[in-house]
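The values are calculated or read from the model by the stated rules, or taken from the named source; none is laboratory data. Predicted model, so just to flag it, every value in this text is computed and none were measured. For neighbour counting, all protein chains shown are included, and Cβ atoms are generated from backbone atoms with ideal geometry for every residue, glycine included.
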Amino acid sequence: MIQNIFKIFLSLTKLERQIVLGSGLVFVTSSLIFGFLFFTRITFVLPAYGGTYKEGLIEQPVFINPVLATSDVDKDIINLIYSNLFDISESVKVADNKLVWNIRLKEGVLWHDNIPFTADDVIFTIQSIHDRESRSPISITWDGISVERLSELEIKLTTSAPYAFFEDNLKQLYILPKHIFEDVPLANWRSSSFNLQPIGTGPYKWVSHEQEKSGFISDYQLTRNENYFGHQPYIENIELLFFKNEESAISSFNMARIDGLAGVSPSNLARLTRFNNTHELHMPSYYAIFLNQSTNELLKNKNVRQALNYATPKKEIIEKVFNMRATEPTGPLPYSGVKAPEIDLLSSYDIEKANQILDDGGINIDKNGTRGKITLVVPNMPFLVSSSEIIKENWSKLNLEIEVLIIEPALINDEIIKTRNYDAILFGNALARNPDIISFWHTKERFYPGQNLSLYSNKTVDSLLESVRQDFDSESRLSRLLKLQSQIIQDIPAIFLFSPNYIFITSTKVKGINELVITNPSDRLLKIGSWYLKTKRSFSNTKATSTTSTSINSLKLHKNDQNQENENGGVSTPKATTTPAKSE
């Protein structure tokens, strides 16, 4: 058969043979293209396991220890290596009295050194937090909460008062291994090698790190925990590279030495020359000018506070200082789903109306050509200083004498906030995962260590703040939050300015990042198990999952409204955001 075809081919003229060969080539090429297109049409691109993700960080790790950690970089690594109590629980049940929480832990969970995880580890962690010698920064979060062992995999937590947001305590509590730390005196914890060589139960485990003679840690390597109780992460290895400044980190990203860089300043985005994905994540931190009505007679007058609000160009600040990479103010509860009718007043800018309000209110211009003087304290941070310049320029149009005091962030707390020695202060509040804002606005929080920087006092607001904490019904709680937000906006104890976006850049090969709102910078890594670098094609669009994976959705818990927190210079974080309400 083949010989006959070959003879026929040879009998053709040269032109005919060229036509046959050309037609055959077109047929084969078309078949291959058609086959490829058909294959891509009937198959799905899915994440595949493997690869190494490299991220650049500016800070240095110090305490990769859930009981001791304070910095963002420590919390970044904790999210990767340790597991929080919520994720590692099989079930969480709250008693009818809303005081007792019974928790059953997952079975078969192993520490990275293959020692079984038990209730004793949870109890040990909480007791270590309670111990004053540990000086744990989260001790106030667990103040008044007792823990009791029911069995090897069951514990009982008891709060001193009903607290609707207690679930957030569980999500923020990362568990330490008792068998590692029980023989280490608490006084020696801060010098323990396990702070840099941690053993956890999380999706990744420590492999090695490189430390220069100066003590600077330049490289930190993790690998996937094959015994992880949840879904196996797609990315096999994570390498964290540390830089001394943002400029060198951006240079490394441009040269493709790292795949990701978090917390990029808006002003530095123009320096990126490599193709990238820019993730603008929202956090419920906000900056405001808190008006101290106890030190300046002018600020006791609501007309003055209202005029100052109208004379503050929030949109201009967001455009000029943040290059539009911040959101407009929404009051004391950003990203809470609560939108009071008065919110529109926050972004209104009208100098003419502001002056009219002062005139109508009898705030007259004196013989020196001013209505009075206001001193504004500003932490020495570039974006806050730039914002204050715009604010001063506009407030001066009200015939007010405005003095701006630039104070180093390290001195703000002791010299300014502790004494409440200011007329007005440009500062930030960082919310937690929930709308519990009692530490920022309750009357009892007016003086240090309270964080009510406006020294605001309103009995209606106090009552709402207290009731929100103990309201387990989401609809009822939302109604209270609406009234709460509305009342605070109407009283104008502060001028809400902006909520900066958190900028996280990755190379285009990093996929699966879908977060829009996070609580704090480290939360960008909470779903890193869904990130992937490699892909495969399959006839099914079902993602591969580990046989040991357990759906968190199986936990039967109250669905509470969630918010986020941020820690930064010039930012207050709630001192008792997840602490059960005591007798307020």
*Name the residues in the stretch 214-233 that are touching a residue at least 40 places away in the same chain (Cβ under 8 Å) and touching a strand residue (DSSP E or B) at 6+ places or on another chain (Cβ under 6 Å), would you?*
ILE217, TYR220, LEU222, ASN225, ASN227, PRO233
*Would a scan of the stretch 143-153 turn up a residue that is surrounded by 15 or more Cβ atoms within 10 Å (Cβ to Cβ), among the hydroxyl-bearing types (Ser, Thr, Tyr) and in contact (Cβ under 8 Å) with a residue 24 or more places away in the chain?*
no
_If THR273 meets every condition in (1) β-branched (Val, Ile, Thr); (2) assigned to a helix (DSSP H, G or I); (3) more than 24 Å from the chain's Cα centre (by Cα); (4) farther than 30 Å from LYS353 by Cβ apart from one, which number is that one?_
(2)
*For the stretch 278-300, does any single residue satisfy the condition of being assigned to a helix (DSSP H, G or I), of a type in the set (Ser, Thr, Tyr), touching a residue at least 40 places away in the same chain (Cβ under 8 Å) and over 23 Å from ILE489 (Cβ atoms)?*
no
*Tell me, yes or no, whether the stretch 87-105 has at least one residue that is closer than 30 Å to GLY263 by Cα and touching a strand residue (DSSP E or B) at 6+ places or on another chain (Cβ under 8 Å).*
yes
_Filter pass, ILE407 being closer than 22 Å to ARG305 by Cα, at pLDDT 90 or above and over 24 Å from the mean Cα position of the chain (by Cα)_ = no
*Do we find a residue being more than 23 Å from the chain's Cα centre (by Cα), in the same structural domain as GLY428 (by TED's automatic domain parsing), modelled with pLDDT of 95 or more and aromatic (Phe, Trp, Tyr) anywhere in the stretch 294-314?*
yes
_Tally up the residues in the stretch 362-397 that are among the hydroxyl-bearing types (Ser, Thr, Tyr) and either in contact with a Leu (Cβ under 8 Å, 6 or more places away or on another chain) or under 15 Å from LEU299 (Cβ atoms) (or both), please._
4
*Could you identify the single residue in LEU80, LEU99, LEU105 that is touching a residue at least 60 places away in the same chain (Cβ under 8 Å), over 19 Å from the mean Cα position of the chain (by Cα), surrounded by 15 or more Cβ atoms within 10 Å (Cβ to Cβ) and at negative phi?*
LEU99
